[in-house]
Amino acid sequence: MPTTFQDPISAFLADTALSIPLGQVLLFTLLMTLCLLFGRHKLGLLISYTFVFYWGFVFNRSFFIDLLGNTSNGLYIYAFSGLVMAVLAVFGMLKRA
């Protein structure tokens, strides 16, 4: 039995359709396959994060602006957080374990 917290989330995910171009999905799949074949797991994670950030922030921006009530403050926070995470990921890639 779902809790009251899960009801809005599952309803949102069930009713939401975001568009992603097939060419970009094919490029993403090709890059991920190459990263896995050559054992470049950190690079694959960074590429995956970049695609998800692009699809969520740039490509479907109008959807999220409508969702947040036509305010851009939430998008600035999303963009800032995403860029900070990308910088940290690049720093983590360059650091030797």
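The values are calculated or read from the model by the stated rules, or taken from the named source; none is laboratory data. Because the structure is a prediction, the values reported are computed rather than measured. Here Cβ is always computed from backbone atoms with ideal geometry, including for glycine, and neighbour counts include all displayed protein chains.
What about G82, is it modelled with pLDDT under 80, surrounded by 12 or more Cβ atoms within 10 Å (Cβ to Cβ) and farther than 20 Å from A17 by Cβ? No.
Sort through F12, F38, F64 and tell me the only one that's modelled with pLDDT of 85 or more and either surrounded by 12 or more Cβ atoms within 10 Å (Cβ to Cβ) or of a type outside the set (A, V, I, L, M) (or both).
Working: F12 fails: modelled with pLDDT of 85 or more; F64 fails: modelled with pLDDT of 85 or more.
Of the residues listed, the single one that is modelled with pLDDT of 85 or more and either surrounded by 12 or more Cβ atoms within 10 Å (Cβ to Cβ) or of a type outside the set (A, V, I, L, M) (or both) is F38.
Only residues that are surrounded by 15 or more Cβ atoms within 10 Å (Cβ to Cβ) and either within 14 Å of T29 (Cα to Cα) or modelled with pLDDT of 85 or more (or both) were counted across segment 44-53, and they come to 6.
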